[in-house]
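Down below is the structure, laid out as structure tokens.
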Amino acid sequence: MNKKRIFYYDALRALAIFGIITCHMTANFITKINVISIYNFDWVFLLTLNQLRQFCIPIFVMISDALLVNKDYSLSNFIKKKFNRIFIPYIFWAIVLVLFSYILINLGINANVIDSFSMEYVIKSILGFTKGFQKGRIFWFIWMILTVYLILFIMNKILKPFEEEKKKKIIDLLVFIFTIYCLIVIPFDLINLSPYKSFVYYYISFAGYGILGYYLAKTDFTNIGKLKLSNKTVLLVSSVLFILSFIYFLIDLTNLSIASNEISSVNYFTFITLLLSSSIFLSFRYFEEANEDDEDSLFMKIKNGKLGMLINSLSKCSFGIYFVHPLVYIFYKDIVFGSIDILKHNPIKWSSLMIVLVLFTSWGIIWIMSKIPYLEKVSGA
């Protein structure tokens, strides 16, 4: 396919995979910080990086699914273009994780990997039902995204007979319902939404972010009723809204952690997460739309320069990086630095080093695999 890529989609996807890497690389370090002395630079640094996941996971879903909404795929094309692109690499990397874990254990390397090879535990690991991203927990995301793909495929078949204007109204209604879901239903515990209570229902809920991604990409936010705004104004408003919302989110999370005397977390289906995800999405979209006609603008210099090429490459390799980065993390933490026990040392220094090493090593592995016949099909690129 020679279809033109949407650059801000690539930029958002690159941000999303970076946020997921930083979350996993800082998780063990942040739990070592004494909650009583929580207001210090180490905490602020680690919490900021760790909580990028709060909007990066929804962004990943929004970008992955925005191109699927309101498209008339045949079942065969849908399986080929969507399911197979993720499912085949998933099977490959699940097998690699199990084999890698088996080899480490037999070599006597004390790594936090799959440590039981009973059929039940292995199945739980490759389904993402375990705790600890090195043990296969990351695979929950793959089953979630496949579930969302299926829901949106069915939704498209239902919407197919309707005219475009009617489809738009239905999608607008679904976005409104999802907003109420995040604003009232989940925060007020009207539904107990937990991945450990009901995986299927939890996965289905993410379909709301897929529909939201399409809505944010297709709606003209420069014309709101009688209010006419420039692209730069929408960019400014959405950017300021994101910054203020993220600061508020970090302060609120810190206070929750102090109150509970442990590191707290926030459900993905809250209004603050919806606000963060939407505002960063619109910031990237309108940064492009406000500058795409000016060849001398910062945006065009980024897009057409080496940085743009790197962003495009990181975006293409993002799913593969997601699959391989737990293995790379184990390699560095438990093999290369195994004698040091990095978790007992400077958290800013070592978490930053691990972010750089794991991101670029994972990226390099997937990029190389994508250039090799047959391996490119299982790489995730």
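A residue that is part of a helix (DSSP H, G or I), modelled with pLDDT under 85 and among the small types (G, A, S) can be found somewhere in the stretch 240-257. Taking the criterion of being at pLDDT 90 or above and among the basic types (K, R), the only residue of the stretch 223-239 that qualifies is K232. Scanning the stretch 213-237 for residues that are farther than 26 Å from K167 by Cα and either among the hydroxyl-bearing types (S, T, Y) or in a loop (DSSP other than H, G, I, E, B) (or both) turns up S230, T233.
If you go through the stretch 258-272 and keep only what is among the aliphatic types (A, V, I, L, M) and modelled with pLDDT under 85, you end up with I258, A259, I263, V266. Considering only the stretch 99-115, state which residues are out of contact with any helix residue (DSSP H, G or I) (no Cβ under 6 Å at 6 or more places or on another chain) and assigned to a helix (DSSP H, G or I). The answer is L99, S101, Y102, I103, L104, I105, N106.
The rows are residues; the columns are (1) more than 20 Å from the chain's Cα centre (by Cα); (2) farther than 24 Å from S64 by Cβ; (3) exposed (fewer than 13 other Cβ atoms within 10 Å of the Cβ); (4) not aromatic (F, W, Y).
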{"position": "K218", "(1), (2), (3), (4)": "yes, no, yes, yes"}
{"position": "T222", "(1), (2), (3), (4)": "yes, yes, no, yes"}
{"position": "K226", "(1), (2), (3), (4)": "yes, yes, yes, yes"}
{"position": "N231", "(1), (2), (3), (4)": "yes, yes, no, yes"}
{"position": "S239", "(1), (2), (3), (4)": "no, no, no, yes"}
{"position": "L244", "(1), (2), (3), (4)": "yes, yes, yes, yes"}
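The set of residues in the stretch 329-360 that are outside any loop (DSSP other than H, G, I, E, B), surrounded by fewer than 18 Cβ atoms within 10 Å (Cβ to Cβ), without any contact (Cβ under 8 Å) to a residue 60 or more places away in the chain and β-branched (V, I, T) comprises V336, V356.
Among the residues of the stretch 171-187, those identified as farther than 11 Å from Y215 by Cα and of a type in the set (V, I, T) are I177, T179, I180, I184, V185, I186.
Here's the yes/no breakdown for (1) polar (S, T, N, Q); (2) in contact with a Lys or Arg (Cβ under 9 Å, 6 or more places away or on another chain); (3) farther than 16 Å from Y8 by Cα:
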{"site": "N223", "(1), (2), (3)": "yes, no, yes"}
{"site": "K226", "(1), (2), (3)": "no, no, yes"}
{"site": "S230", "(1), (2), (3)": "yes, no, yes"}
{"site": "V234", "(1), (2), (3)": "no, yes, no"}
{"site": "L253", "(1), (2), (3)": "no, no, yes"}
{"site": "D296", "(1), (2), (3)": "no, no, yes"}
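Check whether at least one residue in the stretch 277-297 is under 30 Å from S125 (Cα atoms), out of contact with any strand residue (DSSP E or B) (no Cβ under 9 Å at 6 or more places or on another chain), in a helix (DSSP H, G or I) and at pLDDT 90 or above, and report yes or no. Step through it out loud before you land on a result.
To start, the set of residues in the stretch 277-297 that are under 30 Å from S125 (Cα atoms) comprises 277.
Still in the running and out of contact with any strand residue (DSSP E or B) (no Cβ under 9 Å at 6 or more places or on another chain): 277.
So of that shortlist, the ones also in a helix (DSSP H, G or I) come out as 277.
Then keep just the ones that are at pLDDT 90 or above; that gives 277.
Scanning the stretch 277-297 turns up at least one residue that is under 30 Å from S125 (Cα atoms), out of contact with any strand residue (DSSP E or B) (no Cβ under 9 Å at 6 or more places or on another chain), in a helix (DSSP H, G or I) and at pLDDT 90 or above.
Given the criteria surrounded by fewer than 17 Cβ atoms within 10 Å (Cβ to Cβ) and within 26 Å of V44 (Cα to Cα), does S264 qualify?
Values: surrounded by fewer than 17 Cβ atoms within 10 Å (Cβ to Cβ): yes; within 26 Å of V44 (Cα to Cα): yes.
When the stated conditions are applied, S264 passes them.
Just one of L68, L99 is surrounded by fewer than 23 Cβ atoms within 10 Å (Cβ to Cβ) and either over 20 Å from the mean Cα position of the chain (by Cα) or modelled with pLDDT of 90 or more (or both); which is it? So that I can check it myself, show each step before the final result.
Details: L68 fails: either over 20 Å from the mean Cα position of the chain (by Cα) or modelled with pLDDT of 90 or more (or both).
Of L68, L99, the one residue that is surrounded by fewer than 23 Cβ atoms within 10 Å (Cβ to Cβ) and either over 20 Å from the mean Cα position of the chain (by Cα) or modelled with pLDDT of 90 or more (or both) is L99.
Helices (runs of 4 or more DSSP H) fully within the stretch 17-89 that include at least 2 residues being under 30 Å from F153 (Cα atoms): 53-66, 75-78.
The values are calculated or read from the model by the stated rules, or taken from the named source; none is laboratory data. Everything quoted here is computed from the prediction, not taken from an experiment. Here Cβ is always computed from backbone atoms with ideal geometry, including for glycine, and neighbour counts include all displayed protein chains.
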